[in-house]
Amino acid sequence: MKTSAKILLGLGALLVVAQAIRPMSNHGTVAGPNHLAQLAPVPAEVDAILQRACYDCHSNATTYPWYANVQPVGWWLEKHVRDGKRHLNFSEFTTYPLKRATRKLEETAEEVRKHGMPLASYTWMHPEAKLTEAEIKTLAEWATNTRRAVGAALSAPGK
């Protein structure tokens with residue numbers, strides 16, 4: 001057998017074995033006792049945008065595409081979701097200290113305005129997540145206004 005055939009056979013075997021090693025999945029719920037909506041209202045229009053363009057990576061509930069079952073793609077997606085939640089998790093928002101919570105909302109508005117979010121790598125496979133200019137304005141204004149409300153709620157006595 002030629003060397004190139006042995007290499008291809010070995011790579012094929014590795015891919016088959018890799019299918020048995022599954023990453024953890026993010027199958028919780030978006031809304032819960034620690035969701036941002038516990039501090040400030042999330043209008044239906046904003047919630048629809050968040051559901052479509054943000055929650056897959058920034059909540060405790062990810063809707064996985066079929067290709068997440070193919071390794072190493074599933075591993076890459078799991079890392080991507082874990083990183084997204086580490087930066088901002090709307091499902092765990094009320095657990096953030098005041099300074100971090102207000103900073104995260106400020107960053108949300110900024111990232112959306114400068115088209116940094118949702119990531120191009122996400123919208124490439126999820127074109128429905130692309131935001132229109134009107135949606136960008138709506139989301140950025142909501143994040144800015146919510147930052148003020150969250151700051152007031154979290155700095156109230158007893159918090």
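The values are calculated or read from the model by the stated rules, or taken from the named source; none is laboratory data. Model, not experiment: these values are computed from the prediction. With ideal geometry, Cβ positions are generated from the backbone for all residues, glycine too; neighbour counts draw on all protein chains shown.
What the table below lists for this structure:
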{"item": "Region 1-42, residues that are in a helix (DSSP H, G or I), surrounded by 13 or more Cβ atoms within 10 Å (Cβ to Cβ) and at pLDDT below 65", "result": "ALA18"}
{"item": "Qualifying residue in region 86-107 (condition: closer than 30 Å to LEU11 by Cα, assigned to a loop (DSSP other than H, G, I, E, B) and of a type outside the set (D, E, K, R))", "result": "no"}
{"item": "Members of region 51-66 that are assigned to a helix (DSSP H, G or I), surrounded by fewer than 19 Cβ atoms within 10 Å (Cβ to Cβ) and hydrophobic (A, V, I, L, M, F, W, C)", "result": "TRP66"}
{"item": "Scan of region 72-112 for residues that are among the aliphatic types (A, V, I, L, M) and out of contact with any Cys (no Cβ under 8 Å at 6 or more places or on another chain), ordered by number", "result": "VAL73, LEU77, LEU88, LEU98, ALA101, LEU105, ALA109, VAL112"}
{"item": "Members of region 125-142 found to be free of Cβ contacts under 8 Å to residues at least 24 places away in the same chain and loosely packed, with under 11 Cβ neighbours inside 10 Å, listed by number", "result": "PRO127, THR132, GLU133, ALA134"}
{"item": "Index of the failed condition, LEU50 passing every other in (1) more than 24 Å from ALA143 (Cα to Cα); (2) modelled with pLDDT of 90 or more", "result": "(1)"}
{"item": "Failed criterion for ARG103 (all others in (1) surrounded by 13 or more Cβ atoms within 10 Å (Cβ to Cβ); (2) in contact (Cβ under 8 Å) with a residue 12 or more places away in the chain hold)", "result": "(2)"}
{"item": "Complete set of residues in region 32-58 that are farther than 18 Å from GLU128 by Cα and either small (Gly, Ala, Ser) or in contact with a Lys or Arg (Cβ under 9 Å, 6 or more places away or on another chain) (or both)", "result": "GLY32, ALA37, ALA40"}
{"item": "Exclusive hit being hydrophobic (A, V, I, L, M, F, W, C), assigned to a helix (DSSP H, G or I), within 18 Å of HIS58 (Cα to Cα) and modelled with pLDDT under 90, set TRP124, TRP142", "result": "TRP124"}
{"item": "Close pairs (7 angstrom Cβ cut-off, 6 or more residues apart or separate chains): in a loop (DSSP other than H, G, I, E, B) in region 67-83, surrounded by fewer than 18 Cβ atoms within 10 Å (Cβ to Cβ) and hydrophobic (A, V, I, L, M, F, W, C) anywhere", "result": "GLN71/ALA18; GLN71/ILE21; PRO72/ALA18"}
